[in-house]
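Shown next, in structure tokens, is the structure this report addresses.
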Amino acid sequence: MPSVLDDDIEAVIVTADQIADKIVELAKVIDADYADREPLLVGVLKGAAMFMSDLALALERPSTMEFMAVSSYGSSTTSSGVVRILKDLDRDIAGQHVLIVEDIIDSGLTLSWLLRNLASRNPASIEIVALLRKPDAVKVNVPVKYIGFDIPNEFVVGYGLDYAERYRNLPYIGRLKPSVYSNP
Ligand code: PRP
């Protein structure tokens, strides 16, 4: 359904159908890889909220869920690499098979930090699934096991991704018109 938010989008980068198909594909691989283990999905708020929900629904095998909220300092359209925990996990993950669920890897700094932080809590295993990856992510050596889409180095919003907290509820990933963030 068209929304007033669509008017601020210059181009659709990944459609809602492409996202849905990719999530089914990822869920099949994850179900197979975790056939003898129960993954603990750790969603990284707020951006991964939509992806976390749809991925969890698509998994056919048992899984459990936890959420963390982290924030990188810096301007709203680039990442600085300084991360702070806004909301920590509600339980101990020692001995658990953790699967970090992230919406996007841009500089890779958030995930690099998160991986080290969670790995220090002695999980039995730890892997990452990210819906989107930008080119700069290759500069930071973060081992991401499951990737949805590689996208260009553009400022994108939708399906969890925001600009000034808006656009998270667009059902697709789109490129924001520069006029939107140059004239706040
Ligand atoms: C965004 C996104 C990732 C991170 C990626 O989160 O959701 O967590 O930045 O950037 P990086 O790879 O350069 O570190 P943000 O801090 O904007 O918070 P949000 O999810 O609440 O929007």
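The values are calculated or read from the model by the stated rules, or taken from the named source; none is laboratory data. Keep in mind that this is a model prediction, so the values were computed, not measured. Cβ sites come from the backbone with ideal geometry, for glycine too, and all protein chains shown count toward neighbours. Just so you know, the surface numbers come from the protein's heavy atoms only, side chains and all, with ligands and any DNA or RNA stripped out. Shrake-Rupley method; radii C 1.70, N 1.55, O 1.52, S 1.80 Å.
Annotations for the structure displayed:
- Out of PRO62, PRO39, one residue alone is more than 15 Å from the ligand (Cβ to nearest atom) and crowded, with 18+ Cβ neighbours inside 10 Å. It is PRO39.
- Yes/no for LEU118 being surrounded by 16 or more Cβ atoms within 10 Å (Cβ to Cβ) and either in a loop (DSSP other than H, G, I, E, B) or within 11 Å of the ligand (Cβ to nearest atom) (or both): no
- Residue within the stretch 140-150 that is over 16 Å from the mean Cα position of the chain (by Cα) and within 10 Å of the ligand (Cβ to nearest atom) present: yes
- Remark: ASP21 falls outside the filter, which requires a residue to be farther than 21 Å from LEU132 by Cα and either polar (S, T, N, Q) or free of Cβ contacts under 8 Å to residues at least 24 places away in the same chain (or both).
- VAL101 within 14 Å of the ligand (Cβ to nearest atom), under 17 Å from MET68 (Cβ atoms), modelled with pLDDT of 95 or more and part of a strand (DSSP E or B): yes
- Verdict on THR15 being within 18 Å of the chain's Cα centre (by Cα) and either charged (D, E, K, R) or at pLDDT below 95 (or both): no
- ILE126 vs. criteria at pLDDT 95 or above and open to solvent by 30 Å² or more (accessible area, probe 1.4 Å): yes
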